[in-house]
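Enquirer: Can you read through this structure? Questions will come right after.
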Amino acid sequence: MQASCTTELTAFAEDVLRGLSSTPKRLSSKYFYDDEGTRLFQEIMKLPEYYLTSVEYKLFTEQIDEIGRAFTEGSDKIDLIELGAGDGTKTAVLIEHFLDQKIDFTYSPIDISKEACDALSAKFHEKFPGLKINPHHGDYFKILDSLKNGNGRRKVILFLGSNIGNFSREQAVDFFRQLRGVMNENDHIFIGFDMQKDPRVIVSAYDDAAGVTAAFNLNLLRRINRELGADFVVENFSHYAQYRPVECAARSFLISREKQTVHIDALTRDFEFDQWEPIFMEISQKYTSAMIEELAAASGFEIAVTFLDKENFYCDSLWLPSQNHLR
Ligand SMILES: C[S@@+](CC[C@H](N)C(=O)[O-])C[C@H]1O[C@@H](n2cnc3c(N)ncnc32)[C@H](O)[C@@H]1O
């Protein structure tokens, strides 16, 4: 499952080339997570403004009996597969519950960050000695086919932490359709959605007072400098976040503070930046219940049950393959 460094570097270089050659310029948020990016994301999760982690954690702790029941109803053997597992804080609640309940289950976290993957694996080995864990370091888009099986156990695919928010609607539908293609009738997918709320609360989650999210975005320029031999002067860029309530989407940008030229050795070329030109870094889509229902239907799924927190800030939604869309 481990991708070779050469393949990763080539894919990274190709994506940076495509992104910085497009109008507007863009970089893919999946490259945020080098070792430093992973460390900075751990800090973001502890920020007072970044409500997403604490709200989803609370939702898991308060509703774990119902969540566990929904996962196991009609099946007593479960393979939990987590896409973009990160530090697994919320999943730990579920694992502890399953171990207490003596459920027959395995856990396969997948993460593009080697740092995150190794740290999660070490933490869970120590915390849960009896856990059957099979960690994979890699891009979840590339391992979907390996999820296909007919071993008779129910797959429950976890996609937590509002990971789906980083996809456009088209990318989300395409991704869920691909997932559906490797799922059996009895499998489930469990997705964390951040709900539409006061725009001021949302925008501050992506523009914290301590500047950690800014450092997280700027770190990608440092990664390009280090891995692709570029000469970005990081101080010449600043982080900017906005929320558009009509589209329910937060967007992050790095803004070129001056007219400048950046050379990238691995791409053997220069890139010109105008003063105040943006690089589009990330979308963080927020949802209404109607948007979630529409997304499930368009992707070939039915919603089995949705768990919301008391303030309607966040929800985790359990989907089943729709019988009307059988392959
Ligand atoms: C927003 S964090 C969420 C982490 C965790 N799911 C949570 O709820 O706290 C996104 C995680 O997904 C991983 N990730 C992002 N893109 C990925 C990809 N294409 N393949 C695998 N992992 C990815 C990152 O390394 C990071 O750990």
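Enquirer: How do LYS25, LYS46 rank by accessible surface area computed with a 1.4 Å probe, from largest to smallest?
Expert: Largest accessible area first, the list is LYS46, LYS25.
Enquirer: Further question on the same structure: Rolling a 1.4 angstrom probe over the protein heavy atoms, how many square angstrom per residue are accessible across the chain?
Expert: Normalised by residue count, the accessible surface of the chain is 46 Å².
Enquirer: Label region 30-160 by shape, choosing from rounded, prolate and oblate, from the square roots a ≥ b ≥ c of the eigenvalues of the Cα gyration tensor; if a/c is under 1.5 it is rounded, and otherwise prolate applies when a/b is larger than b/c, oblate when it is not.
Expert: oblate
Enquirer: Could you work out the helix-only [θ] at 222 nm for the chain, with each DSSP H run of four or more residues adding -39,500 (n - 2.57) and the total divided by the number of residues, to the nearest 500 deg cm²/dmol?
Expert: Details: 9 runs with 123 residues, N = 327.
Theoretical 222 nm ellipticity from helices: -12000 deg cm²/dmol.
Enquirer: Find how much the distance from ALA298 to GLU235 grows on full extension, using 0.36 nm per residue of separation minus their present alpha carbon separation; answer in nm with one decimal.
Expert: Net length gain for the segment: 18.4 nm.
Enquirer: So which residue, out of SER22, SER317, SER252, gets the largest mean-square fluctuation from a GNM of the chain using Cα contacts under 10 Å as springs?
Expert: It is SER22.
Enquirer: Roughly how big is the chain's charge dipole about its Cα centre, with Cβ charges of +1 (Lys, Arg) and -1 (Asp, Glu), in debye to the nearest 20?
Expert: Dipole about the Cα centre, nearest 20: 400 debye.
Enquirer: Another question, if that's okay. List, largest first, the extents of the alpha carbons of the chain along their principal axes, each in whole Å.
Expert: 61, 43, 41
Enquirer: Using a 1.4 Å probe over the heavy atoms of the protein chains, calculate the carbon and sulfur portion of the accessible area of the chain as a whole percent.
Expert: Values: 7640 of 14940 Å².
Percent of accessible area from carbon and sulfur atoms in the chain: 51.
Enquirer: Turning to a different aspect of this structure: Could you rank the peptides 117-124, 34-41, 104-111, 306-313 by their average count of other C-beta atoms within 10 Å per residue, with the highest value first? Before the final figure, lay out each step's value.
Expert: On the way: 117-124: 17.6, 34-41: 19.2, 104-111: 21.4, 306-313: 15.0.
Top to bottom by mean Cβ count within 10 Å: 104-111, 34-41, 117-124, 306-313.
Enquirer: Something else about it: Sticking with the crude label model, points 7 Å out along Cα→Cβ, report the distance from GLN275 to LEU99 in nm, one decimal please.
Expert: With each label point 7 Å from Cα toward Cβ, the separation is 5.9 nm.
Enquirer: Give me the dipole magnitude in Debye, nearest 20, for region 207-277 about the Cα centre, with unit charges on the beta carbon: positive for Lys and Arg, negative for Asp and Glu.
Expert: Around 160 debye, computed over region 207-277.
Enquirer: Further question on the same structure: What are the residues whose amide H is under 5 Å from the amide H of ASN134, where those residues sit 5 or more places off or on another chain and H is modelled from the backbone?
Expert: The list, which skips near neighbours in sequence, is TYR107, SER108.
The values are calculated or read from the model by the stated rules, or taken from the named source; none is laboratory data. All figures in this text were calculated on a predicted structure; none of them were measured in a lab. Because the Cβ atoms are built from the backbone with ideal geometry, glycine has one as well, and the counts that use them run over all protein chains shown. We work out accessible area using only protein heavy atoms, side chains counted, and drop any ligands, DNA or RNA first. Shrake-Rupley method; radii C 1.70, N 1.55, O 1.52, S 1.80 Å.
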